[in-house]
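The structure under discussion appears below in the form of structure tokens.
Where a number appears in this text, it was derived from the coordinates with a stated rule and is not lab data. Quick caveat: nothing in here was measured; it's all calculated off a predicted structure. Glycine gets a Cβ as well: all are built from the backbone with ideal geometry, and neighbour counts include every protein chain shown.
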Amino acid sequence: MFIAGGGEGATLREVLRYRTVERVVMVDIDAAAVQACRTHLPTWHQGAFDDPRLELVHADARQVLADSADQFDAIIVDITDPLAGGPSYRLFTREFYELAAARLRPQGVLAVQAESTDIGTWDPHLAVVHTVRQVFPHVAPYRAHVPSFQESWGFLVASQTIAADRLDPAFIDQRLAAAGLHELRFYDGITHQALFCLPRQLRRAYTAWTRVITDDAPIFLEV
């Protein structure tokens, strides 16, 4: 498992809930921010940084992937927004997604935070989804309301072989039970199915979008 970003440790915490996870490489560029989260956000990481399965690296996640010969079952991209002059915009490009695809095992999965899905602000989300679709044959965007953001936030799951939006709720519940995860607060099979039920306006917007994000033509959010 490879996590790009995720400095507060919450993504790491959820990944390590699964007993089948043997190794997690987490790469966050900001060591000071991670240390601050370890100190001040214990309810977020819940001790995940002390798990012996973790390899924590403070570096550029894209460069670490480029230099690695490892193959991963999953790559989770939990990074900051693509701001001009910021450290993350090169992790939203077609070239990065091609690199991620090369570092995944044949049935591996890429999961990406993919910006807001609210009407009027969803262009970056559309661009991310369209760009990933240039690399992976199966791309399933989804969204969830994030209370701290006060808006609906977009995500996607991509794979060479797995259509995540077509997984049966009973299958999801069986896999969670096998992992010993019986009472998650948010996620179960029905919730999984609901996450991918997107409104018609958004689905239409996907089909009309044409721009691909590249290293030479990156996307930047306005702040």
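Data for the structure
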{"item": "Boolean, Arg105 is part of a strand (DSSP E or B) and touching a Gly at 6+ places or on another chain (Cβ under 7 Å)", "result": "no"}
{"item": "Pick from the stretch 119-158, criterion in contact (Cβ under 8 Å) with a residue 40 or more places away in the chain and β-branched (Val, Ile, Thr), ranking: farthest from Tyr89 (Cα to Cα)", "result": "Ile119"}
{"item": "Qualifying position, being under 29 Å from Arg62 (Cβ atoms) and over 20 Å from the mean Cα position of the chain (by Cα), among Arg211, Arg204", "result": "Arg211"}
{"item": "Residues of the stretch 144-155 that turn out to be buried (at least 18 other Cβ atoms within 10 Å of the Cβ) and either in contact with a helix residue (DSSP H, G or I) (Cβ under 7 Å, 6 or more places away or on another chain) or over 20 Å from Asp118 (Cβ atoms) (or both), as a count", "result": "1"}
{"item": "Filter result (of a type in the set (A, V, I, L, M, F, W, C) and in contact (Cβ under 8 Å) with a residue 40 or more places away in the chain) within the stretch 14-32", "result": "Val15, Val25, Ile29"}
{"item": "Scan of the stretch 1-60 for residues that are touching a strand residue (DSSP E or B) at 6+ places or on another chain (Cβ under 8 Å), surrounded by fewer than 16 Cβ atoms within 10 Å (Cβ to Cβ), under 26 Å from Arg175 (Cβ atoms) and among the small types (Gly, Ala, Ser), ordered by number", "result": "none"}
{"item": "Top-ranked residue in the stretch 156-174 [being touching a helix residue (DSSP H, G or I) at 6+ places or on another chain (Cβ under 9 Å) and assigned to a helix (DSSP H, G or I); ranked as surrounded by the most Cβ atoms within 10 Å (Cβ to Cβ)]", "result": "Ala164"}
{"item": "Flag if Leu221 is of a type in the set (A, V, I, L, M), in a loop (DSSP other than H, G, I, E, B), touching a Leu at 6+ places or on another chain (Cβ under 9 Å) and closer than 23 Å to Asp81 by Cβ", "result": "yes"}
{"item": "Candidate set: the stretch 175-192, residues that are surrounded by fewer than 16 Cβ atoms within 10 Å (Cβ to Cβ) and part of a helix (DSSP H, G or I); chosen: the one nearest to the chain's Cα centre (by Cα)", "result": "Thr191"}
{"item": "Checklist (1) more than 30 Å from Trp122 (Cα to Cα); (2) assigned to a helix (DSSP H, G or I); (3) small (Gly, Ala, Ser) applied to Ala33, failing item", "result": "(1)"}
{"item": "Residue check, Gln201 surrounded by fewer than 14 Cβ atoms within 10 Å (Cβ to Cβ), of a type outside the set (Phe, Trp, Tyr) and not in a loop (DSSP other than H, G, I, E, B)", "result": "yes"}
